[in-house]
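To start, the structure itself, in structure tokens.
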Protein chains: 2
Amino acid sequence: MSEQQPPKIIDQQWLTHSKLFHVEQLDLAFSNGEQRRYERLNPGRHAGVMVLPILDNHSLILIKEFGAGIDQYYLSFPKGAVDSGEDILDAGLRELQEEAGFAAKRLTPLKQISLSPSYMGNQMQYIVAEDLYPSALPGDEPEPLEVIHWPLSEIDQLALHPQFIESYGLAGLALLRAHLSAGKK
Amino acid sequence: MSEQQPPKIIDQQWLTHSKLFHVEQLDLAFSNGEQRRYERLNPGRHAGVMVLPILDNHSLILIKEFGAGIDQYYLSFPKGAVDSGEDILDAGLRELQEEAGFAAKRLTPLKQISLSPSYMGNQMQYIVAEDLYPSALPGDEPEPLEVIHWPLSEIDQLALHPQFIESYGLAGLALLRAHLSAGKK
């Protein structure tokens, strides 16, 4: 793959802010002379964290929660925002306890990814959690989250499950699989 | 898994609009009496489409493009918005031609997923494209996209590649893998 000359920012300004969403307008000049106006969301935001918890080398721990964006319950992995100044592994461990009622003796950071690189700044750090044991922390959920044990041998069935529809959750499956197969070599 | 009683919407109002982003405030009452205020982005938006192109049963076709949200080039699959009234398979075929310079004789819809169900309405439909042949359509890209052939046998290496960091792209790998292993049975 060649190294491309990245575009230059020629103008940027904030368009609007709400509590969660910050929209910036960006004018870019590409190396071939083309100019384009973009909108991007939440540039430079703190990372979130998603935990891929493996219980007894056998099951994935999933969470079922309500998705206000789509008006449906959906399945995914424990996740949340990293608090200001909080270590990213500490954040993963905290979310695992708050959402799933487990702590972990072994946390392995995998990769940081982007929700939608074309127009969003939001990033997510993945962490594999193993050697789990029961340990709950109170969370800020409006109702108790349902915790589901899913056989690790049925990753493909999970990918196709009609309630497993979050991009971050599916991305987690691809990363987990790569991580597990690297460990077998 | 039990069937939960979903929360009721008690109030909703638009907070702000830009060209790309529409932010709604939502007040929800959960079945246990808890109430919460949410913000959600782009509720009820048209689906986008992501194409997973397989060349000669051997290679994945990838695109390298600039991500204005993260100020970096990144690798992913051809994708784009479905035009108003456009058939979703037609949209996939069009994006494949515009971004990668290929058409396909066989298009298989896989699954529709959600970018971030907790606070976004944006949906993405996945389509596997096979029996590819060269066929280009002009797109609206500011600079030519780099097209990369990636061995199908190296999906795990792609998942871990430092430029393959889009949640939708990684989710596509999990879906593709499930699709390919279902086809082998």
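All of the numbers you see were taken from the coordinates with simple rules; none came from a lab. Predicted model only: the values in this text are computed from it and were never measured. Cβ sites come from the backbone with ideal geometry, for glycine too, and all protein chains shown count toward neighbours.
Taking region B:137-163 as the search range and keeping residues that are assigned to a helix (DSSP H, G or I) and either more than 18 Å from the chain's Cα centre (by Cα) or more than 7 Å from chain A (Cβ to nearest Cβ) (or both), which one is farthest from A:Pro6 (Cα to Cα)? Break it down into steps so the answer makes sense when it comes.
Taking region B:137-163 and keeping what is assigned to a helix (DSSP H, G or I), we get B:152-160.
Checking which are either more than 18 Å from the chain's Cα centre (by Cα) or more than 7 Å from chain A (Cβ to nearest Cβ) (or both) leaves us with B:152-158, B:160.
Working: B:Leu152: 29, B:Ser153: 31, B:Glu154: 28, B:Ile155: 27, B:Asp156: 28, B:Gln157: 25, B:Leu158: 23, B:Leu160: 23 Å.
Per the stated criteria, the residue is B:Ser153.
Name every residue in region B:74-85 that is exposed (fewer than 14 other Cβ atoms within 10 Å of the Cβ) and either in a helix (DSSP H, G or I) or among the charged types (D, E, K, R) (or both), in order of residue number.
B:Asp83
Could you list, in sequence order, the residues of region B:164-181 that are surrounded by fewer than 18 Cβ atoms within 10 Å (Cβ to Cβ) and either of a type in the set (S, T, N, Q) or at the interface with another protein chain (Cβ under 7 Å from one of its Cβ atoms) (or both)? Break it down into steps so the answer makes sense when it comes.
Pass one, region B:164-181, residues surrounded by fewer than 18 Cβ atoms within 10 Å (Cβ to Cβ): B:180-181.
Correct list: B:Ser181 only.
Based on what the data block shows, is B:Gly44 within 17 Å of the chain's Cα centre (by Cα), within 11 Å of another protein chain (Cβ to nearest Cβ) and surrounded by fewer than 20 Cβ atoms within 10 Å (Cβ to Cβ)?
Numbers: within 17 Å of the chain's Cα centre (by Cα): yes; within 11 Å of another protein chain (Cβ to nearest Cβ): yes; surrounded by fewer than 20 Cβ atoms within 10 Å (Cβ to Cβ): yes.
For B:Gly44, the condition - within 17 Å of the chain's Cα centre (by Cα), within 11 Å of another protein chain (Cβ to nearest Cβ) and surrounded by fewer than 20 Cβ atoms within 10 Å (Cβ to Cβ) - is met.
Is at least one residue of region A:22-36 out of contact with any Pro (no Cβ under 6 Å at 6 or more places or on another chain), among the basic types (Lys, Arg) and on the phi < 0 side of the Ramachandran plot?
No, region A:22-36 contains no residue that is out of contact with any Pro (no Cβ under 6 Å at 6 or more places or on another chain), among the basic types (Lys, Arg) and on the phi < 0 side of the Ramachandran plot.
Give just the number: which of (1) part of a strand (DSSP E or B); (2) surrounded by fewer than 18 Cβ atoms within 10 Å (Cβ to Cβ); (3) more than 10 Å from chain A (Cβ to nearest Cβ); (4) touching a Leu at 6+ places or on another chain (Cβ under 9 Å) does B:Trp14 not satisfy?
So B:Trp14 meets the others, but not (4).
Being buried (at least 21 other Cβ atoms within 10 Å of the Cβ) and assigned to a loop (DSSP other than H, G, I, E, B) is the filter; apply it to region B:120-136 and report the residue that is nearest to the other protein chains (Cβ to nearest Cβ).
Among them, the one singled out is B:Gly121.
Please tell me if B:Phe66 is closer than 20 Å to A:His17 by Cβ, in contact with a Leu (Cβ under 9 Å, 6 or more places away or on another chain) and buried (at least 19 other Cβ atoms within 10 Å of the Cβ).
Numbers: closer than 20 Å to A:His17 by Cβ: no; in contact with a Leu (Cβ under 9 Å, 6 or more places away or on another chain): yes; buried (at least 19 other Cβ atoms within 10 Å of the Cβ): yes.
No.
Name the residues in region A:88-111 that are touching a helix residue (DSSP H, G or I) at 6+ places or on another chain (Cβ under 9 Å) and either among the hydroxyl-bearing types (Ser, Thr, Tyr) or more than 7 Å from chain B (Cβ to nearest Cβ) (or both), would you? Spell out the reasoning first.
Filtering region A:88-111 down to residues touching a helix residue (DSSP H, G or I) at 6+ places or on another chain (Cβ under 9 Å) leaves A:102-104, A:107-111.
Result: A:Phe102, A:Ala103, A:Ala104, A:Leu107, A:Thr108, A:Pro109, A:Leu110.
I need a count of the residues in region B:95-115 that are touching a residue at least 12 places away in the same chain (Cβ under 8 Å) and within 21 Å of A:Pro162 (Cα to Cα). I'd like the intermediate steps shown before the answer.
Of all residues in region B:95-115, those touching a residue at least 12 places away in the same chain (Cβ under 8 Å) come to B:95-113, B:115.
Now drop any that are not within 21 Å of A:Pro162 (Cα to Cα), which leaves B:107-113, B:115.
Matching residues across region B:95-115 total 8.
Can you tell me how many residues within region B:18-41 are surrounded by 15 or more Cβ atoms within 10 Å (Cβ to Cβ) and charged (D, E, K, R)?
Residues in region B:18-41 being surrounded by 15 or more Cβ atoms within 10 Å (Cβ to Cβ) and charged (D, E, K, R): 5 in total.
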